[in-house]
């Protein structure tokens, strides 16, 4: 693929972001289910054109599309399609990143709603949990255009949750997976005629903003205060620009969801380190611990993404799904310790000291070309110790998003899952 220069800049479509000085190189209760036919007739009379694209706003219309997707008999599908006058019924929901934390919760929430789900899985991925769900698994890769086009056939909505995660690794890997993978998926979705695209981004795309009392909402520009090795955030900003451009050009209807720090069952990275540090008595509270955290349960973010996919108002909008209420850093650490039956942490470290130490560890790691991340990185210090806050009021106001799982429920649940996972009883 030829090398191209991508410049992220101001654009004017609804909630498309403003990006500050960042240039990145890239290589290029359903109704009564007595009879599907009668429900279909009512739905088509209410909104015949909408059924053709799979985006009817009526409850019955949405249900019959889901029903068609769940029918396994081809003659039934052919007959229903014929009498409804629909050339192609789009019912399927495609989820990328379904073996990861947030992607698996999107799959779970869609399945709970009785909606058909297709998950894109890479060869060699751990699909054991997905195999417990009523999900169609399709092999593919974000950099394999043919597999993406196949996965997008008959899809009503793409939930793009796959990305290179973490705050460590070579830039080429972030570029290949997060940036080029997003470009390939968007083009494949457009080629297949997919009407809706839900892009999972991150509140870190606003940049590493910090300051007492600073509140950041969706009107803030992206890409502020990024340091040299902020590869995860730089890649997420670039991926957003790709989907916004496609939306701006009228090629596909996009909504961007920006979660904060996500936790929940099937978190195979963060919770394990926190459990180990708590057990060993090595937890250090950054600052005074009174700062409010942007932490959100993965299932709550998944619900927000689905609400956005169902909302015409959400087209062209970005939403922060970034908190489940009020939780301080100290309260978060206490909740983990309580769930483990361990002593609560009491030792503190100043924010600036922790940030400086993280910087030195990063420098050393890059110097020796370390493959695994250092014990602490600047991104993690900022994530946990910052005094700024990302507001989710827009999602609550426009989508009716209200977190279902509270911190009091979610944190102990996540710890229990990890302990069972550790013992080999959970995937």
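What whole-number distance in Å separates the alpha-carbon centres of the stretch 378-409 and the stretch 283-328? Value for the Cα centre distance between the two parts: 3 Å.
Sorting 111, 157, 363 by the number of Cβ atoms found within 10 Å of their own Cβ, with the fewest placed first, yields 363, 111, 157. Peptide packing: for 191-202, 212-223, 263-274, the average count of neighbouring Cβ atoms within 10 Å per residue gives the ranking 191-202, 263-274, 212-223, highest mean first. Placing a pseudo-label 7 Å from each Cα along the Cα-to-Cβ vector at residue 348 and residue 426 gives an inter-label distance of 3.2 nm. Mind running the shape call on the stretch 213-287? Use the C-alpha gyration tensor, a ≥ b ≥ c as the square roots of the eigenvalues: rounded below 1.5 for a/c, prolate if a/b tops b/c, oblate otherwise. It comes out prolate by the Cα gyration axes. For the stretch 345-427, the relative contact order is 21 percent, taking Cα pairs closer than 8 Å that sit 6 or more residues apart in sequence and dividing their mean separation by the residue count. Fewest neighbouring Cβ atoms within 10 Å first, the residues 324, 167, 310 line up as 310, 167, 324.
Under the shape rule built on the C-alpha gyration tensor, where the axes satisfy a ≥ b ≥ c, the stretch 275-371 is oblate, since a/c reaches at least 1.5 while a/b does not exceed b/c. Were the residues from residue 136 through residue 398 laid out at 0.36 nm apart, the gain over their Cα-Cα distance would be 91.2 nm. Classify the stretch 125-284 from the C-alpha gyration tensor, please: rounded if a/c falls under 1.5, else prolate or oblate depending on whether a/b exceeds b/c. Oblate. For the peptides 232-243, 118-129, the ranking by mean Cβ contacts within 10 Å, running from highest to lowest, is 232-243, 118-129. Residue exposure proxy: 108, 187, ordered by other Cβ atoms within 10 angstrom of their Cβ from fewest to most, comes out as 187, 108.
Throughout, read-outs are computed from the coordinates displayed, never taken from laboratory work. It should be emphasised that the depicted structure is a prediction, and the values quoted were computed from it without experimental measurement. Here Cβ is always computed from backbone atoms with ideal geometry, including for glycine, and neighbour counts include all displayed protein chains.
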